């Protein structure tokens, strides 16, 4: 039995989960893997806050450097979050020859390239299974399971808060603001929900999957990111009538001339696996040229699921350390190799993508308006699959006109919308949502 | 770039897929992993049969021993199938210090224990991602992704042929025999479909997942296995009315006193992820104490998906060989450690399990029959959730009586059925199907 010493920096929710797993599943982990994970030290700035687990006093410190400088510690688990002090800890640990496990998607999205380069130089591992999809084993699958494939596309529901809000809006016909308040009260959304509902968290995760799948280091600010604040019960209801649900998707597609990447709400057809991912669940739908369509589903956040991923990384690294105790500094076989395809596979602008669209116009209810709208679309080469025009029986006033298009260039769509807005009574109501036909 | 030499034994459908991937995705694999997989030799008893790829003549032999005895070959890929000659090849390769990759579930279900023990002794790897769920990365997930968890249950749709047949029966209301013939004509079922439709293939796969998840080596003959030949359109239709689909599930559940394991058709609630796994797709739903419910979904068979899994194993082993070229015989860190829990966690008899049941009786349409049936159930302590009795308006003759029970011991259920059969007009029609409430 080889014993591997762990230093845990950050004993908040996920950190408490890690401590809990290492206690309660100690025996099964040792039996299954042949390694003992010994939690040697824990650093937290607030040792006295209320936690679901008791912290062993003698292992506790408020100074993370103590762990980073402790020669007996093999693996540092970083659960501080953010991109500043967490970066210092991670870089410091790697520079001191320690393996690192982190759940920090923001850190890897912004500084992954330099961190992995440093780890590779130092011959240490960086485990980051917990950074995407909580306990869902998507990182290992991207690194190993799909390694034989040319990845064609990724469609991820990777933010539990947004998916929870959209699910509630769909089930109950409620407004975004009302559901957000409810989600905040229930602990499904943060006091400042921006990272979640504005798509930033999902974009962090997407950029990690793009690194693994395509070998591309995206300039994070260049990813097209839309959140769900603009989604209305009206659009959810029309989408339902048309056989679709609205989901916040993180999407990457491989094209001959580059990579499309974006986070945005999209219509997905009911009855498909992705459409059925409800509440706070996550799922990542990956299509490879050999494996075909696959999907991994589970709880994308939370204390225990995220801790499950953190500990699985620690176990894997510990097994490697155990196997090569006599060859230190050589256990670097599962460090992702970041072949850099960034130059040869540029990020494609959203305006150069081709999609099917759900469009909703707020139009005066008088003869000829529908004709004018479809005329604008037609002139830009956008062909229409179906139209819903409701509320004529109410007589007069504005009515919503919903149009589903066939595949069209986004550039052309935006140009057509500019034109329709010139004659619509309330152009602020014009809405377009992309349609993703996944399996 | 480290070059690793591969010997491929068996160039049938999946073998052809492996050759195709190694050709077409050579560059991406090398970039992504830093290893070159060199297909050095191919053995097949029938080199001239029609294949979707061309076999390079000079690499070809009809004698698999040539590969096993070739000192320059690092990894043997065994795609012969069956448990006899394939076993000789696998054992021979391991004894010669070669790593092995296999898709052979029957071999591992029957001889896994001795094969893994030998591999462990020889310090070589055995990769078997392709043995369960085709290209779905379930094996690596069970070995690594869920390693921190105490696994609570597994529910797998792991036989594509059966799932295809049940999906068609559900969509079209057709009989088993008719759909089977269609499936055979379309290539979804073998001429002898027994392995697939009688649950044996799914049981092979289940026993592999049980090894990984619970550390239990099942005596294969003791797993409870039922196939789908007895499923009728009538039961599918009643199940649908009650909000369920019928799926062939491979199930393992952890109990304090042991492990439940079985392959049988079961009712799963519509709108859940498992119920929506249609056609030839596979999915494995795993619940861990930390990670919670997870599901992995994809194509469970076929040339390219299975080859994707085979090549992913070869890549992983090759990366390890590459990292430790100078320490031969040490690269055994990912060999599953088969802690043997078999004695402490016995297989529980089906009669000692507790389930909810769908029951269908063929009863004479006269007053009192329903009362007699429910009386039998009541005396055995089986309580009823709902009843459907159809066809009374036809007057006279036999009618189906469908009963959904609450949780009951299978022993009690069988005893109640014995009693009802004593007074039913056609006891051969009495049907019971377990209900699995998954998420």
#### Entry: Test: residue B:166 is touching a strand residue (DSSP E or B) at 6+ places or on another chain (Cβ under 9 Å), under 28 Å from residue B:272 (Cβ atoms) and not in a helix (DSSP H, G or I)
no
### Filtered residues of the stretch B:409-439 (kept if part of a helix (DSSP H, G or I), surrounded by fewer than 20 Cβ atoms within 10 Å (Cβ to Cβ), at pLDDT 90 or above and touching a strand residue (DSSP E or B) at 6+ places or on another chain (Cβ under 8 Å))
B:410
#### Entry: Residue identified as buried (at least 22 other Cβ atoms within 10 Å of the Cβ), outside any strand (DSSP E or B) and modelled with pLDDT of 95 or more among B:202, B:252, B:261
B:202
### Message
So residue B:285 ticks every box in (1) within 14 Å of chain A (Cβ to nearest Cβ); (2) part of a loop (DSSP other than H, G, I, E, B) but one. Which box is left unticked?
### Response
(2)
### Summary
By residue number, the members of the stretch B:292-311 that are within 24 Å of residue A:272 (Cβ to Cβ), assigned to a helix (DSSP H, G or I) and at the interface with chain A (Cβ under 7 Å from one of its Cβ atoms) are B:304, B:305, B:308
## Note on the structure
When the stretch A:119-159 is checked residue by residue, the ones that are out of contact with any strand residue (DSSP E or B) (no Cβ under 7 Å at 6 or more places or on another chain), in a loop (DSSP other than H, G, I, E, B) and more than 11 Å from chain B (Cβ to nearest Cβ) are A:132
### Task
Determine, yes or no, whether residue A:65 is within 14 Å of chain B (Cβ to nearest Cβ) and either assigned to a helix (DSSP H, G or I) or at pLDDT 95 or above (or both).
no
#### Entry: Matching entry among A:55, A:67, A:37 (being closer than 21 Å to residue B:289 by Cβ, in the same structural domain as residue A:130 (by TED's automatic domain parsing) and touching a helix residue (DSSP H, G or I) at 6+ places or on another chain (Cβ under 9 Å))
A:37
### Query
Among A:236, A:231, which is the only one that is in a helix (DSSP H, G or I), away from every other protein chain (no Cβ under 11 Å), under 29 Å from residue A:361 (Cβ atoms) and touching a residue at least 24 places away in the same chain (Cβ under 8 Å)?
A:236
### Query
Can you pull out the residues in the stretch A:169-192 that are without any contact (Cβ under 8 Å) to a residue 60 or more places away in the chain and in a helix (DSSP H, G or I)?
A:171, A:172, A:176, A:177, A:178, A:179, A:180, A:181, A:182, A:183, A:184, A:185
### Query
Restricting attention to the stretch A:93-112, which residues are farther than 21 Å from residue A:201 by Cα and not in a helix (DSSP H, G or I)?
A:96, A:97, A:98, A:99, A:100
### Query
So which of A:326, A:341 is under 29 Å from residue A:409 (Cα atoms), modelled with pLDDT under 95 and within 12 Å of chain B (Cβ to nearest Cβ)?
A:341
#### Entry: Some residue of the stretch A:207-218 being under 28 Å from residue A:430 (Cβ atoms) and buried (at least 22 other Cβ atoms within 10 Å of the Cβ)
no
### Query
Looking at residue A:276, is it within 11 Å of chain B (Cβ to nearest Cβ), in contact with a strand residue (DSSP E or B) (Cβ under 9 Å, 6 or more places away or on another chain), surrounded by fewer than 20 Cβ atoms within 10 Å (Cβ to Cβ) and closer than 27 Å to residue A:354 by Cβ?
yes
### Query
Of the residues B:355, B:421, B:341, which is within 30 Å of residue B:124 (Cα to Cα) and in contact with a helix residue (DSSP H, G or I) (Cβ under 7 Å, 6 or more places away or on another chain)?
B:341
### Query
(1) part of a helix (DSSP H, G or I); (2) within 14 Å of chain B (Cβ to nearest Cβ): which one isn't true of residue A:271, the others all being true?
(1)
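The values are calculated or read from the model by the stated rules, or taken from the named source; none is laboratory data. Bear in mind that the values here come from a model prediction, so they are computed numbers and not experimental data. No Cβ is skipped: glycine too gets one built from the backbone with ideal geometry, and neighbour counts run over all protein chains shown.
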